[in-house]
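Report on one structure; see the data block that follows.
The values are calculated or read from the model by the stated rules, or taken from the named source; none is laboratory data. Here the structure is a predicted model, which is why all the values come from computation and not from measurement. No Cβ is skipped: glycine too gets one built from the backbone with ideal geometry, and neighbour counts run over all protein chains shown. Just the protein is used for accessible areas: all its heavy atoms, side chains included, with ligands, DNA and RNA removed. Shrake-Rupley method; radii C 1.70, N 1.55, O 1.52, S 1.80 Å.
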Amino acid sequence: MKTVNHWIGGKTVEGTSGNYGEVTDPATGAVTTRVAFASPDEADTAVAAAKDAYRTWRDSSLSARTAVLFRYRALLDAHRDQIAALITAEHGKVHSDALGEVARGLEIVELACGITTQLKGELSTQVSNRVDVSSIRQPLGVVAGITPFNFPAMVPMWMFPLAVACGNTFVLKPSEKDPSAANLLAELAAEAGLPDGVLNVLHGDRVAVDALLNHPDVAAVSFVGSTPVARHIHATASANGKRVQALGGAKNHMLVLPDADLDAAADAAVSAAYGSAGERCMAISAVVAVGAVGDELVARIKERAARIRIGPGTDPASEMGPLITAAHRDKVASYVTGAAAQGAEVVLDGTGFTVDGFEDGHWIGLSLLDHVSTDSDAYRDEIFGPVLCVLRVETYEEGVALMNASPYGNGTAIFTRDGGAARRFQLEIEAGMVGVNVPIPVPVGYHSFGGWKDSLFGDHHIYGNDGVHFYTRGKVTTTRWPDPADAPAGVDLGFPRNH
């Protein structure tokens, strides 16, 4: 059986704790890999390697850093299929979806390649007589990233390329459910010329996470995952004096007004709710239908959802794969089976779905729940699976009020032909990312990604300008130099004497 070990100091380091986790192929249910779980001592080793590398990496020139990143970008591009295959094997998403994940991660590597313009300082001259003020941004030191199972390549690439471009060194703790992609990313970075210890990969569970959160040599922590864990990470790391960006969960809504293009809205709802099996924080999980549009919209969503082909991610014909684990599959199914008792109409029931020849896989079909109430479990909880809830309201104002009452504020969307309504929505909705006739408004790499309310803990969004600011700290220098004409007697600087 394959074993995934740590990557520390530029090489593979076998786990010494004696604790291992199991990694399954979601399409078959078979255990294919074991992953080493780090002890606190092993976390110390990873942080020490990063701290040692920081001494020289922080002083490396911007041109040297970007040269490594340009080579890294080329290697990632050449290994797209290999990275995507690892994602499919351990996460289960279809290969085309995995390739899309790699492409979105590459956007941030490309942003990091242009870090020279992001790190330019500022200068004000003559703020007083012969006084200048300048500001620069400097790296923090050793920073850590804790990433989720649903995007095992993309989310790490949202973090470490910018961090190391800014002069920091990095310890990555990826999800133990699909760890292999992280090691390949580190190996390719070493091949690109990234010095030993600048990027380290530490595998494990909460023991490894807490060791990083409490380590005195870790200056900052980035996290993407569920809200309860984000809250724990923010509270713990902040209490230890660390800078924290912790992105939590979501319950993303899509408001559909009566004037919307219903075909476009139905297509968007299906792709946004069921793509990647709903295992993404930007999935649309609640459609809010305004007025009489609801019945026709639900009918069109049902018709489209029934055509989605579910199967192994290695099958080019598959449009949706299995869920990550059997336990998660069962949890998602429980929301569907309990929905009718809580007043919902089960339009599509995906529980009990299986794939011939892959009966032991973590399969679930697409579920569509209509007339869902705001106090039902299916609405209140982040399901993180292919379950779409439809809620009915009479007016735009009622819909916005319903959406703003949610404790989450990650992403949202409106479908309408009316520019005035869209403008109002953009200003009135309480969420960090807004789509207008765009169902999954994930910002491009040079803008920042992040939500509001219980979807974000900390002051900085991830990547973009916020990412650069998170991984650096500002320093302002005020300088006064005497006029050379005032040099002491006997010192000739070649300047005429003024008096």
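Only one of 156, 179, 161 is of a type outside the set (Gly, Ala, Ser), crowded, with 20+ Cβ neighbours inside 10 Å, farther than 20 Å from residue 460 by Cα and in contact with a helix residue (DSSP H, G or I) (Cβ under 9 Å, 6 or more places away or on another chain). Can you tell me which? I'd like the intermediate steps shown before the answer.
On the way: 156 fails: farther than 20 Å from residue 460 by Cα; 161 fails: farther than 20 Å from residue 460 by Cα.
Selected residue: 179, the only one of 156, 179, 161 that is of a type outside the set (Gly, Ala, Ser), crowded, with 20+ Cβ neighbours inside 10 Å, farther than 20 Å from residue 460 by Cα and in contact with a helix residue (DSSP H, G or I) (Cβ under 9 Å, 6 or more places away or on another chain).
Among (1) open to solvent by 20 Å² or more (accessible area, probe 1.4 Å); (2) among the small types (Gly, Ala, Ser); (3) over 18 Å from residue 160 (Cα atoms), which single condition is residue 92 missing?
Failed condition: (1).
Look through the range 372-394, keep the residues that are open to solvent by less than 60 Å² (accessible area, probe 1.4 Å) and among the hydroxyl-bearing types (Ser, Thr, Tyr), and return whichever of them is farthest from residue 429 (Cα to Cα). Steps first, please.
As a first pass, look at the range 372-394 and keep what is open to solvent by less than 60 Å² (accessible area, probe 1.4 Å): 372-373, 376-379, 381-391, 393.
Pick out the ones that are also among the hydroxyl-bearing types (Ser, Thr, Tyr) and you get 373, 376, 379.
Values: 373: 20, 376: 22, 379: 18 Å.
It comes out as 376.
Taking the range 51-85, which residues are closer than 17 Å to residue 322 by Cα and either surrounded by 21 or more Cβ atoms within 10 Å (Cβ to Cβ) or of a type in the set (Val, Ile, Thr) (or both)?
Correct list: 84 only.
Considering only the range 287-297, how many residues are in contact (Cβ under 8 Å) with a residue 60 or more places away in the chain and open to solvent by 40 Å² or more (accessible area, probe 1.4 Å)? If you could, list the steps in order and put the result at the bottom.
Restricting attention to the range 287-297, the residues satisfying the condition of being in contact (Cβ under 8 Å) with a residue 60 or more places away in the chain are 287-291, 294, 297.
The next check asks that each one be open to solvent by 40 Å² or more (accessible area, probe 1.4 Å); those that pass are none.
Count: 0.
Go through the residues of the range 164-186 one by one and say whether even a single one is part of a helix (DSSP H, G or I) and closer than 23 Å to residue 473 by Cα. I'd like the intermediate steps shown before the answer.
First, pick out the residues of the range 164-186 that are part of a helix (DSSP H, G or I): 164-165, 180-186.
Now restrict to residues that are closer than 23 Å to residue 473 by Cα: 164-165.
Within the range 164-186, one or more residues are part of a helix (DSSP H, G or I) and closer than 23 Å to residue 473 by Cα.
This table checks each residue for (1) in contact with a helix residue (DSSP H, G or I) (Cβ under 6 Å, 6 or more places away or on another chain); (2) among the aromatic types (Phe, Trp, Tyr); (3) surrounded by fewer than 16 Cβ atoms within 10 Å (Cβ to Cβ).
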| site | (1), (2), (3) |
| --- | --- |
| 299 | no, no, yes |
| 307 | no, no, yes |
| 340 | no, no, yes |
| 343 | no, no, yes |
| 355 | no, no, no |
| 370 | yes, no, no |
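Taking the range 441-499, which residues are touching a His at 6+ places or on another chain (Cβ under 7 Å) and either of a type outside the set (D, E, K, R) or at pLDDT below 90 (or both)? First the steps, then the outcome.
Let us first name the residues in the range 441-499 that are touching a His at 6+ places or on another chain (Cβ under 7 Å), namely 448-450, 457-458, 460, 464, 466, 469-470.
Correct list: 448, 449, 450, 457, 458, 460, 464, 469, 470.
Restricting the first residue to the range 439-465 and requiring it to be touching a residue at least 40 places away in the same chain (Cβ under 8 Å) and within 14 Å of residue 107 (Cα to Cα), which pairs with a second residue that is open to solvent by 30 Å² or more (accessible area, probe 1.4 Å) and among the aromatic types (Phe, Trp, Tyr) meet a Cβ separation below 7 Å and a spacing of at least six or different chains?
So the pair list comes out as 464/446.
Within the range 229-251, count every residue that is over 16 Å from the mean Cα position of the chain (by Cα) and either open to solvent by less than 10 Å² (accessible area, probe 1.4 Å) or under 18 Å from residue 176 (Cα atoms) (or both).
Going through the range 229-251 one residue at a time, the tally reaches 1.
For the range 412-420, does any single residue satisfy the condition of being under 26 Å from residue 295 (Cα atoms), among the basic types (Lys, Arg) and not in a strand (DSSP E or B)? Break it down stepwise before answering.
The initial filter retains those residues of the range 412-420 that are under 26 Å from residue 295 (Cα atoms), namely 412-420.
This time we only want the ones that are among the basic types (Lys, Arg), so: 417.
Keeping just the survivors that are not in a strand (DSSP E or B) gives 417.
The answer is yes, given that some residue of the range 412-420 is under 26 Å from residue 295 (Cα atoms), among the basic types (Lys, Arg) and not in a strand (DSSP E or B).
Could you identify the single residue in 84, 112 that is closer than 24 Å to residue 163 by Cα and out of contact with any Asp or Glu (no Cβ under 8 Å at 6 or more places or on another chain)? Steps first, please.
Details: 84 fails: out of contact with any Asp or Glu (no Cβ under 8 Å at 6 or more places or on another chain).
Of 84, 112, the one residue that is closer than 24 Å to residue 163 by Cα and out of contact with any Asp or Glu (no Cβ under 8 Å at 6 or more places or on another chain) is 112.
Among the residues of the range 156-179, write down those that are aliphatic (A, V, I, L, M) and in contact with a Pro (Cβ under 6 Å, 6 or more places away or on another chain).
From the range 156-179, those aliphatic (A, V, I, L, M) are 157, 159, 162-165, 171-172; that's our starting set.
Of everything in the range 156-179, just one residue is aliphatic (A, V, I, L, M) and in contact with a Pro (Cβ under 6 Å, 6 or more places away or on another chain), namely 172.
Which one of 16, 24, 32, 45 is closer than 24 Å to residue 93 by Cβ, open to solvent by 50 Å² or more (accessible area, probe 1.4 Å) and out of contact with any Leu (no Cβ under 8 Å at 6 or more places or on another chain)?
Working: 16 fails: closer than 24 Å to residue 93 by Cβ; 24 fails: open to solvent by 50 Å² or more (accessible area, probe 1.4 Å); 45 fails: closer than 24 Å to residue 93 by Cβ.
One residue alone meets the criteria, 32.
Residue 330 is checked against (1) within 22 Å of residue 29 (Cα to Cα); (2) under 28 Å from the mean Cα position of the chain (by Cα); (3) in contact (Cβ under 8 Å) with a residue 12 or more places away in the chain and fails just one. What number does that condition carry?
That leaves (3) as the condition not met.
Residue by residue through the range 369-403, note down the ones that are under 20 Å from residue 227 (Cα atoms), part of a helix (DSSP H, G or I) and among the acidic types (Asp, Glu).
377
Here are some conditions: (1) in contact with a Leu (Cβ under 9 Å, 6 or more places away or on another chain); (2) open to solvent by 20 Å² or more (accessible area, probe 1.4 Å). Residue 326 meets all but one. Which one does it not meet?
Failed condition: (1).
Checking the condition open to solvent by less than 10 Å² (accessible area, probe 1.4 Å) and in contact (Cβ under 8 Å) with a residue 24 or more places away in the chain, which residue from 262, 194, 202 passes? Break it down into steps so the answer makes sense when it comes.
Values: 262 fails: open to solvent by less than 10 Å² (accessible area, probe 1.4 Å); 194 fails: open to solvent by less than 10 Å² (accessible area, probe 1.4 Å).
Result of the check over 262, 194, 202: 202.
One line per residue, one yes/no per condition, for (1) in contact with a helix residue (DSSP H, G or I) (Cβ under 9 Å, 6 or more places away or on another chain); (2) free of Cβ contacts under 8 Å to residues at least 60 places away in the same chain:
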| site | (1), (2) |
| --- | --- |
| 21 | no, no |
| 24 | yes, no |
| 35 | yes, no |
| 52 | no, no |
| 64 | no, yes |
| 67 | no, no |
| 75 | yes, no |
| 80 | yes, yes |
